[in-house]
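Enquirer: I'd like to ask you about the structure that follows.
The values are calculated or read from the model by the stated rules, or taken from the named source; none is laboratory data. Note that the coordinates shown come from a computational prediction; the quantities given were computed from them, not determined experimentally. Positions of Cβ are backbone-derived with ideal geometry, glycine not excepted, and every protein chain shown enters the neighbour counts.
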């Protein structure tokens, strides 16, 4: 196991312990494929993830999304005569 450490523009450091070496290598490969550093890629990933809504109950979230989805009239669903 390795420790991944990232330093932000403000100088704050985040250390992730116990991350498997194979995971770190795959992340480096992904970053290089996009012409980026691992640090820049992880910074963007964490920034994106922190902006996503927190879903504590996936079924409740699915119901909320389903309630926003327009439903076609019954005839279009094959339920009419």
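Enquirer: Among 66, 40, 49, which is the only one that is more than 17 Å from residue 14 (Cβ to Cβ) and either under 12 Å from the mean Cα position of the chain (by Cα) or not in a loop (DSSP other than H, G, I, E, B) (or both)?
Expert: 66
Enquirer: Identify, please: which residue in the range 8-37 is surrounded by 11 or more Cβ atoms within 10 Å (Cβ to Cβ) and assigned to a strand (DSSP E or B) and is, among those, modelled with the lowest pLDDT?
Expert: Checking each candidate, the answer is 14.
Enquirer: Here are the criteria: (1) at pLDDT 90 or above; (2) more than 17 Å from the chain's Cα centre (by Cα). Tell me which single one residue 73 does not satisfy.
Expert: (1)
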